[in-house]
1. Only one of (1) surrounded by fewer than 23 Cβ atoms within 10 Å (Cβ to Cβ); (2) more than 10 Å from chain B (Cβ to nearest Cβ) fails for A:ILE43. Which number is that?
2. Of all residues in segment B:49-60, how many are touching a helix residue (DSSP H, G or I) at 6+ places or on another chain (Cβ under 9 Å) and more than 7 Å from chain A (Cβ to nearest Cβ)?
3. For a quick check of your reading of the model, give me the residue pairs whose first member lies in segment A:150-161 and is closer than 10 Å to A:THR14 by Cα, whose second is surrounded by 11 or more Cβ atoms within 10 Å (Cβ to Cβ) and at pLDDT 90 or above, with beta-carbon atoms closer than 6 Å and at least 6 apart or on different chains.
4. Among the residues in segment B:146-158, are any modelled with pLDDT of 85 or more, farther than 24 Å from A:LEU72 by Cβ, surrounded by fewer than 23 Cβ atoms within 10 Å (Cβ to Cβ) and touching a helix residue (DSSP H, G or I) at 6+ places or on another chain (Cβ under 9 Å)?
5. Check segment A:12-23 and report whether any residue there is touching a Ser or Thr at 6+ places or on another chain (Cβ under 7 Å), more than 12 Å from chain B (Cβ to nearest Cβ) and either touching a residue at least 40 places away in the same chain (Cβ under 8 Å) or more than 21 Å from A:ILE82 (Cβ to Cβ) (or both).
6. For segment B:105-215, which fully contained strands (runs of 3 or more DSSP E) count at least 3 residues that are over 27 Å from A:LEU26 (Cβ atoms) and touching a residue at least 40 places away in the same chain (Cβ under 8 Å)?
7. Among B:VAL142, B:VAL131, B:VAL190, which is closer than 22 Å to B:ASP234 by Cα and in contact with a strand residue (DSSP E or B) (Cβ under 7 Å, 6 or more places away or on another chain)?
8. For segment A:51-164, which helices (runs of 4 or more DSSP H) that fit wholly inside it have 1 or more residues that are buried (at least 17 other Cβ atoms within 10 Å of the Cβ) and within 14 Å of another protein chain (Cβ to nearest Cβ)?
Amino acid sequence: MIARRDRPGTFFLTLAAAIVLTLLYLPPVLDVFRPYWVALVLIYWCLESQNLVTLGKVFIIGLLLDLLGGSLLGLHALSLVILVYLVTRFRARLRFFPPWQQALSVFALLLNDRIILLWIISLRGDPLPSLVFWLPPIVGTLLWPWLFLLLDWVRAAQRRRAHT
Amino acid sequence: MVKGSTGAGTKFFGPTAQTARLMLYGLLAVVLMAMDQRGHYGAGIRSQAAYLAEPVYHIVEWPVRAMRNVFGQVQSRRSLRQENTALKEQLLRQQGSLQRLDTLLEENRRLRALIEGAEGQAFEYQFAELVRVDLDPFSHKVMVDRGSSDGVEAGQAVIDGAGVMGQVEDVHLHFSTIRLISDPNHALPVQINRTGLRTIAFGSGVTGILKLPTVPRQADIREGDLVVTSGLGDRFPGGYPVATVTAIDRQEGQTFVLVEATPLAALDRGREVLLIDALAPKVDEPSLPDQQDAGDDNKVSDGEQSGQEAARPESADADGPEGET
């Protein structure tokens, strides 16, 4: 019998890894490809173990990301709260999509997130970003199936350890 | 937040409650963003969070540092020797060009005394290295490895070997973040070196472009002109190179010309920077004769005035947008 609840330890561990990956130095050429790691990890947990991911937690995670990354305070908080809200709303459907369809919906979610970011950028009066701005959602979508498998594996390993 | 984030009961998971929560958090985020943009509480919250951020930055930087150490070990003797020769050559060349500096400084001091101008400040430089942590690409910030434990203070000017980079914004214990001059919210009081024309250089949001939107149409400005800091606004010391003018667009019927300049500093690819200690004691501030009998209570503003007197109209502009606008 599969345990109903996941322990929050694994959730926070994977999230911490995502934050480190977000801040990790990459050469400028690769930097533009960096996917929105925290969003991907949150989508996974939201789909698989919903009661771990509440909007309150997500908001605080977003604020943390803003503080660490030096972005406008509340920017990632807003973006992640909206993202998680959408995932919880369509969770029942998303969970039973075949992988490619799920990846497509992840793409839609990430794209929507970029549009929100674009809106904030234009509100601030910053110049509109170049085309590389749209790369991260694509990279995120391509990574999604593998990330899903990886996180599934981590979660299963964690559970097995908890049972023995 | 109102209903608590642990509400596992089904009643709190209804779509209406969830939507209400989305609204609440969304609104909160927007309010926070507006506050941060206006520069009200953002800095305070950030400095409070420094203790939390510090260990994370250490963790993030660790793999890069480890990798650099490994590569440093295997770097061949030959390439090191080559680099050494190149550096020696460079040092000699720069020493050569510095030889006349002492006499020039002395001459400058004498001439300033002659016209009773404010004497130049003495500056101290602090070496710092960029930390390999990638901040948000839209934040126009970089991080250096000196913090409050090294005496860094918010507002210090930062330069690299070629020109002005930005100013210190948040100071953590061992790190500090620097806002680059390319930030659209950053304004830097500058002057054209050739003519002495004073203006303001705004960031454009693109690393390679600064904008000088307040140059009048009839002004004498050419492509290739060197733009240096003017020292107004009391934050950036004067005379440091900032950019070269690359494009001038004189449109019919406009009061101002559109001037674009390319920063000299390697904003996106530099590695070593210098923090200018602008807080070094000013070399005796000469007070103007008619201000000497003024009361002690407005001594501070007097000191500022004597330095800025020549540029009243602009200094008001220059003070304002230098922080967040």
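1. (1)
2. 3
3. A:LEU151/A:TYR44
4. No, the conditions are met nowhere in segment B:146-158.
5. No: segment A:12-23 contains no residue that is touching a Ser or Thr at 6+ places or on another chain (Cβ under 7 Å), more than 12 Å from chain B (Cβ to nearest Cβ) and either touching a residue at least 40 places away in the same chain (Cβ under 8 Å) or more than 21 Å from A:ILE82 (Cβ to Cβ) (or both).
6. The qualifying strands (runs of 3 or more DSSP E) are B:124-129, B:187-192, B:198-203.
7. B:VAL190
8. Working: elements: A:55-69, A:75-89, A:91-95, A:99-124, A:135-163.
Those helices (runs of 4 or more DSSP H) span A:55-69, A:75-89, A:99-124, A:135-163.
The values are calculated or read from the model by the stated rules, or taken from the named source; none is laboratory data. Just so we're clear, the structure is a prediction, and the values are computed from it rather than from any experiment. Neighbour counts run over all protein chains shown; Cβ positions are idealised from the backbone, glycine included.
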